[in-house]
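Colleague: One structure follows; several queries about it will come next.
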Amino acid sequence: VNCPLCSLHLLIKLVFLCFVTTPVGLEGDADLQFLLIGGELVKIRSSSWKKNRFYKLQEDCRTLWHESKKTFRRNQTFSIDDIESVRKGRQSEGLKKHTDPSVEEQCFSIIFKGRKKNLDLMAVNAEEANRWVSSLEKVKTTISNLSHHWIINCMRKADKNEDNKMTLKELKHFLRQINVEVDDTYAEEIFKKCDKSNSGSLEGAEIKHFYDLLTHREEIDVIYNKYAQTQGQMSLRDLLNFLLNEQREQATAEDASKLIEKYEVDETAKQKKHMTKDGFLMYLHHEEGSILNPAHIPVYQDMSQPLNHYYISSSHNTYLMEDQLKGPSSTEAYIKALTKSCRCVELDCWDGANGEPVIYHGYTITSKVLFRDVIKAIKDYAFKTSDYPVILSLENHCSVEQQKLMAHYLISILGDALVTKPFGDTMPTNFPSPEELKGKILIKGKRLNKLDAIFNNNNTIEEGTVSEEDEAADCENGQKIKLAKQLSDIVIYCKSVHFSGFEHAKDSHGFYEMSSFKESKAFNLAETSGNLASTAYIHHNMDKLSRIYPAGSRTNSSNYNPVPMWNVGCQIVALNFQTPSKEMHLNQGRFLTNGTCGYILKPEFQRSLSSQFDPNTLTQGPWMKRKTFYIMVISGQQLPKINKDKHKSIVDPLVRVEIYGVPADNASKETHHIENNGFNPMWNENFQFDIHVPELAMLRFVVEDYDTTSPNDLIGQYCLPLTSVQNGYRHVPLLTKRGDVICSAGLFVHLMLLDAQ
């Protein structure tokens, strides 16, 4: 089974077998055994701090243990779920800095989710290092794909005396572990039903029976029984009726047959072209039953339009890991952003020691990182998750000499990936497309002359003075810097210019000349209705690129709402990627589809010069496709405990459904909270939303732990474009605040997006 939201109901049938064995898919696996036995590795923190430490996987197959010499914590552990990736070789800042290139093959790094520091390690030889990397990757993948393993692990923890049986006391402890509050009477009732042997403990098949009772989903029974009209099962025709009538899909008998073949677990039923309840649940938990339209998961949009016709996933002050004043700068921040398909990263460049340019937040005490090292990291990771172009937004404060070195590094390290001249033999009149720019890196920065100078033999100027004001969010207006020709010449399609008004830009600037807007200026232009400012902004973005950046006052690296910027067609809406927030959830949702490639095609009414679209004053036009969005929040599954420090803490979950889009569409509605049940809460609440411009609307689910005395805690969230929602009964995956999948958790909903009457 290879789905983060795999059905517990099905997998639980294996529980009584798995209780004392390894995860399904890894039984007898040599790599798993290698990790369970463990071995000694060198932990590296600095050139002088390199210590031998013993590492091994614990019996739960989910936790890695390592010894610590500190007296107050002899043993340390971390969860396999906390690992973002395992990197082979000297691929972290620490290993590059503190180890010799000769040990490249012996090194590897464990990269954690969030802000936890990397774990840099060295094995005794290359073969051993390869074994650790491949074994960790295998276990990480297998564990993340088995939602039942979490519940088995909870059961093991509850089995205090490790006799592979469960007493009533252990059963109560187990229920608390999986976030279910059950009163003593009900716990005893379940226990007695399952204790067929009257032994006072559950074992083997009795544990299976206990799980069957616990994981029974009444809402699935109701849906299945309504359509299972053939000997108590769904025939191919029954399933087709469900797909047509409930899911509102344009399905055929062949589609229904493929689903049975793919998801039915009972071979006898499969031969009859039937789907059992177990098979039906399997289908609902996979991509065909997900809220996200599977057709929108790969790259499905036209990628041959000019570059400025797309929203572009963009990062602000990318080098920062934390706040804007004193936190660390790191190449790791670029790697994290690029592997999340960010396609525009920022580099604040300053003169460094020994003639080497550095990147940091000027006039602060943030740490510095070498410009050269950042460019190497970008070269290595720019196209790991997306083939589409990356823009390097340079904020240049360097002397001419160090600028020349910057240009040298960009050209020598990036090589053929760097765009150093316009495409074609004549002066272009429009941007190339993302498709044409696949695998390419563009430089955004100042240029000494117009682009057409390349074609009219007027590109001989050696250096000159340019305004710095558009590049530096916090510098004084009018400040000038000298610009080296070598750096100027590699600015092709993204020349930074001062914004002096839409008319001036239209009359004086080429398509390749773009402006950066501080958020306050951009919001003033985007949200002003009546004087046609927002319409003018939209038309400006039909021809040119616009970059938006957070206010300098956001020293804690907070973010602004990106939606109003997208509403007026701004492409490069730069956010602080390091800060988990609602704004980053919206950004993740906006770029969730189209292969998560970092580019989303703007609606036609934001690309057509004849359009008079104004998000603030809605008039009739092709953008007005009024819809009524009906949603029923039915149930939740395996919502995690928030306060794990409180032994008896059980969540009281509620669900909020939010719409973000044009001002007329913004709305939020909330269910009641369910007391003491994060395992299988049922809400069955209906909401209705009126949508005016669906192509700009985002749907966000927020699950919170209700609290009467303090702000609610976030349990999980999920965001996606409204136009990518599938109708019918659907499962909604849940993500953490940082945007990582919560393997076992989800919502079950019914949705219907219909033309308004």
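Colleague: When the chain is fully extended, how far beyond the present Cα-Cα distance does residue 682 get from residue 48, taking 0.36 nm per residue of separation?
Modeller: The residue 682-residue 48 span can extend by a further 222.6 nm.
Colleague: Same structure, new question: Going Cα to Cα from residue 272, which lysines come in below 22 Å? Please leave out same-chain ones fewer than 8 positions away.
Modeller: Correct list for residue 272: 226, 258, 262.
Colleague: Determine which residues of the stretch 483-511 fall in the zone a paramagnetic label at residue 420 would reach in this model, i.e. backbone nitrogen under 17 Å from the point 7 Å along Cα→Cβ.
Modeller: 484-493
Colleague: May I ask you to compute the full-extension gain from residue 524 to residue 272, defined as 0.36 nm times their residue separation minus their alpha-carbon distance, rounded to one decimal in nm? Please report the intermediate quantities before stating the final value.
Modeller: Values: separation 252, 0.36 × 252 = 90.72 nm, distance 6.37 nm.
Length difference between fully extended and current span is 84.3 nm.
Colleague: A further question on this structure: Please list, or write none, the lysines whose alpha carbon is within less than 24 Å of the alpha carbon of residue 196, excluding same-chain residues fewer than 8 places away.
Modeller: 13, 157, 160, 165, 169, 172, 208
Colleague: Before I look further, what does the chain give for accessible area per residue, probe 1.4 Å, in whole square angstrom?
Modeller: On the way: 31160 Å² over 757 residues.
Ligands and nucleic acids excluded, the result is 41 Å² per residue.
Colleague: Could you work out the mean projected area of the convex hull around the alpha carbons of the stretch 612-722, in square nanometres to one decimal? Mind showing how you got there, number by number?
Modeller: Values: hull surface 31.6 nm².
Hull-based average projected area comes out at 7.9 nm².
Colleague: May I have the extent of the alpha carbons of the stretch 591-634 along their three principal axes, as whole Å values ordered from largest to smallest?
Modeller: 42, 30, 15
Colleague: Shifting gears a bit: How much FRET efficiency would the formula 1/(1 + (r/R0)^6) give for residue 187 and residue 225, where r is the Cβ-Cβ distance and R0 is 30 Å, rounded to 0.05?
Modeller: FRET efficiency, residue 187 to residue 225: 0.55.
Colleague: Mind ranking 226, 602 by accessible surface for me, highest first, 1.4 Å probe?
Modeller: Largest accessible area first, the residues go 226, 602.
Colleague: Sticking with this structure for a sec: Hey, got the Cα dimensions of the stretch 281-363 along the principal axes, in Å, largest first?
Modeller: The Cα atoms of the stretch 281-363 stretch 61, 35, 19 Å along the principal axes, largest first.
Colleague: With the Cα gyration tensor of the chain in hand, convert its eigenvalues to equivalent ellipsoid semi-axes via √(5λ) and list them largest first in whole Å.
Modeller: 48, 35, 22
Colleague: Still on this structure, I have one more. What ranking do 435-448, 560-573, 259-272 get when scored by the average of other Cβ atoms within 10 Å per residue, highest first?
Modeller: Taking the mean over residues of other Cβ atoms within 10 Å, the ranking is 560-573, 435-448, 259-272.
Colleague: Let me ask something else. How big is the gap, in Å, between the Cα center of the stretch 592-662 and the Cα center of the stretch 364-418?
Modeller: A separation of 34 Å, based on Cα centres.
Colleague: Let me ask something else about it. Quick one: if the Förster radius is 41 Å, what FRET efficiency do residue 452 and residue 339 give, using the C-beta to C-beta distance and rounding to 0.05?
Modeller: Efficiency computed from Cβ-Cβ geometry: 0.65.
Colleague: Under the 0.36 nm per residue contour assumption, what length would be gained going from the current alpha-carbon distance of residue 105 and residue 297 to full extension?
Modeller: So the extension gain works out to 65.5 nm.
Colleague: With the crude spin-label approximation of a point 7 Å out along Cα→Cβ, what separation in nm comes out for residue 370 versus residue 620?
Modeller: The modelled label-to-label distance comes out at 6.5 nm.
Colleague: Given points 7 Å out from each Cα along the Cα-Cβ axis, report the residue 670 to residue 356 separation in nanometres with one decimal.
Modeller: 5.2
Colleague: Continuing with the same structure: Could you work out [θ]222 nm for the chain from helices alone, using -39500 (n - 2.57) per DSSP H run of at least four and dividing by all its residues? Round to the nearest 500 deg cm²/dmol.
Modeller: Counting only the DSSP helices, I get -7500 deg cm²/dmol.
Colleague: Starting with the highest mean, order 99-110, 577-588 by the number of other Cβ atoms within 10 Å, averaged over the residues of each peptide.
Modeller: The peptides rank, most packed first, as 577-588, 99-110.
Colleague: Using a Cα-Cα cut-off of under 15 Å, which aspartates and glutamates could be cross-linked to residue 480, ignoring same-chain neighbours fewer than 8 residues away?
Modeller: Cα-Cα hits under 15 Å: 395, 463, 468, 469, 470, 471.
Colleague: Take the solvent-accessible surface of the protein heavy atoms, probe 1.4 Å, and return the percent of it on the chain that carbon and sulfur atoms account for.
Modeller: Working: 14900 of 31160 Å².
Roughly 48 percent of what the probe reaches on the chain is carbon or sulfur.
Colleague: Something else: At residue 411 and residue 237, where each label point lies 7 Å from the Cα along Cα→Cβ, what is the point-to-point distance in nanometres?
Modeller: Placing both labels 7 Å along Cα→Cβ, they lie 7.4 nm apart.
The values are calculated or read from the model by the stated rules, or taken from the named source; none is laboratory data. In this text the structure is predicted, and so the values were computed from the model without any measurement. Please note: Cβ atoms are built from the backbone with ideal geometry, for glycine as well, and neighbour counts cover all protein chains shown. In case anyone asks, the SASA skips ligands and DNA or RNA and just uses the protein heavy atoms, side chains included. Shrake-Rupley method; radii C 1.70, N 1.55, O 1.52, S 1.80 Å.
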